[in-house]
Every structure is written in C-alpha cells, then in structure tokens.
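Chemist: Before I ask anything, let me first share the structure, which is written out below as structure tokens.
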Amino acid sequence: MIEQTLVVIKSYNTQAEAEIARSILASGGIESSLRNEYSSMIYPTGIIPVQLIVRSEDETAARDLLNVR
C-alpha cells in the first residue's frame, strides 16, 4: 500500500462551509475529504472546526482553486 501525506488546506466553523469548498475542489478534479465533520455538529460552532484535507501533491492546486494562502 502506498502511503500518502495529507495536508489541511483550511478549517471551517460549519460543515456547510466545508462542503462548499469540497465541491469546488471536486469540480476542479481534486479529491478531498473532511476531518471532524461529525464532531463539529455535536459541539457549538467553532469549538472543533471542520478541516478540509487533500493529498500533499494537490495542495498548490487546491489552494489556487480556493484562493487560500
């Protein structure tokens, strides 16, 4: 099995915001996933942010799509 390094591109206060960003990446052909999405629904907004993660080799393209620096 090939090990891949994952990078957090951005953290969001709500799952909805993270899902929008994830769909933008998907439209650009970049696979991504969310971390803490279920925990963020249990705890108050902002306590546990939802993290958008991508493979390290997709980091630059993902940041460009989302204009995150």
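Chemist: How many nm separate the modelled label positions at Lys10 and Arg63, each set 7 Å beyond the Cα in the direction of the Cβ?
Modeler: Reported label-point gap for Lys10 and Arg63 is 1.3 nm.
Chemist: I've got another one for you. For region 52-67, just list the computed ³J(HN,Hα) in residue order, Karplus coefficients 6.51, -1.76 and 1.60, θ = phi - 60°, integers in Hz, with x standing in for Gly and Pro.
Modeler: 9, 10, 9, 5, 4, 6, 9, 4, 4, 5, 5, 5, 4, 5, 8, 6
Chemist: By the scheme Lys and Arg +1, Asp and Glu -1, what is the net charge of all other residues having a beta-carbon under 13 Å from that of Ala16?
Modeler: Neighbourhood net charge equals -2.
Chemist: Full-extension gain between Glu17 and Arg55, please, as 0.36 nm times their residue separation minus the C-alpha to C-alpha distance.
Modeler: Net length gain for the segment: 11.7 nm.
A short reminder: the numbers here are calculations on the coordinates, not readings from a lab. Please read these numbers as outputs of a predicted model, since none were measured by experiment. Glycine also receives a Cβ, built like all others from the backbone with ideal geometry; neighbour counts cover every protein chain displayed.
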